[in-house]
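Okay, so here's the structure we're looking at.
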Amino acid sequence: MIKQTLIAGVFLAASVMTQAEIWKDYALSDEVIETTVIAVQGNYLDDYLVRLERTWVRSMEVQKELGYVTDYTIMVSTAADSPNVWLNVEYPNMAAYQPSEEKWNKVNEILAERYADDEGELDTIAKGYEEIRTMVDHQIVHKLTYK
């Protein structure tokens, strides 16, 4: 019993001495990454990705050109049933992540000029998403670096 208490005390002391502190032991980046996790129904993944190119990717390209976002990626799992798509958007900082009417209008203006898509068709595409996908999770994360 005494031996077990002594071992537990040693582990407790070690854990107290190894507690990390933010900004002292590690830091978080100013950059933030928004991740949306999606489950696309079986046999609809290709269709979903093609639709995504006409909507989300075009918008991300414009936002990247304007400097609103740093980068974006789409990751797909070919081995999992669900979830199977991850959409990532990288922002330079939390201030850039905040939406504004000015940004919204500028992006939509450029999209309208560049692609001249039929608004009704894009609405149909966007509404069709709900029939083939489920949003599983949404996170805002920072990169971590150790000091």
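Quick note: the coordinates plus some simple rules give every number you see, no bench work behind them. Predicted model only: the values in this text are computed from it and were never measured. In this analysis, Cβ positions are derived from the backbone assuming ideal geometry, glycine residues included, and neighbour counts consider all displayed protein chains.
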Open item on the list: Under 5 Å between amide hydrogens, which residues at least 5 positions from Val69 or on another chain qualify, with H placed 1.01 Å from N in the peptide plane?
Closed with: Lys64
Task: Diffusion constant of the range 65-128 at 10 °C, which comes from Stokes-Einstein with the Kirkwood Cα-pair radius and 1.306 mPa s, µm²/s - done: 110
Task: Karplus-derived HN-Hα couplings along the range 132-147 (A = 6.51, B = -1.76, C = 1.60, θ = phi - 60°), whole Hz, x at Gly and Pro - done: 10, 9, 10, 6, 9, 7, 9, 9, 10, 10, 10, 6, 10, 10, 8, 8
Task: Answer label for P(r) over Cα pairs in 10 Å bins from 0, in percent (calculated), chosen among (i) 9, 30, 24, 10, 7, 7, 7, 4, 2, 0; (ii) 11, 35, 31, 17, 5, 1; (iii) 9, 27, 28, 15, 10, 7, 3, 1 - done: (iii)
Task: Amide N proximity, the range 45-83 versus Val141 label position 7 Å along Cα-to-Cβ, cut-off under 19 Å - done: 70-83
- [ ] On a C-alpha basis, how far is the centre of the range 33-53 from the centre of the range 71-147 in Å? Whole number, if you could?
- [x] 11
Task: Highest-MSF residue in the chain out of Val32, Val76, Val89 [GNM, Cα springs under 10 Å] - done: Val76
TODO: Starting with the fewest neighbours, write out Lys127, Lys106, Lys143 ranked by other beta-carbon atoms found within 10 Å of each beta-carbon.
DONE: Lys127, Lys143, Lys106
Task: Whole-Hz ³J(HN,Hα) from phi, Karplus 6.51 cos²θ - 1.76 cosθ + 1.60, for the range 67-84, glycine and proline x - done: x, 6, 10, 7, 6, 8, 9, 10, 10, 10, 9, 9, 10, 10, 7, 7, x, 9
Open item on the list: Please arrange Thr124, Thr55, Thr18 by how many other C-beta atoms lie within 10 Å of their C-beta, fewest to most.
Closed with: Thr18, Thr124, Thr55
Task: Net length gained if the chain between Thr134 and Ser77 were fully extended (0.36 nm per residue, minus Cα distance) - done: 19.0 nm
Task: Most mobile of Glu113, Glu90, Glu61 in a GNM of the chain (Cα contacts under 10 Å) - done: Glu113
Task: Between helix 2-17 and the chain: long-axis angle, C-alpha atoms, 0 to 90°, nearest 10 - done: 50
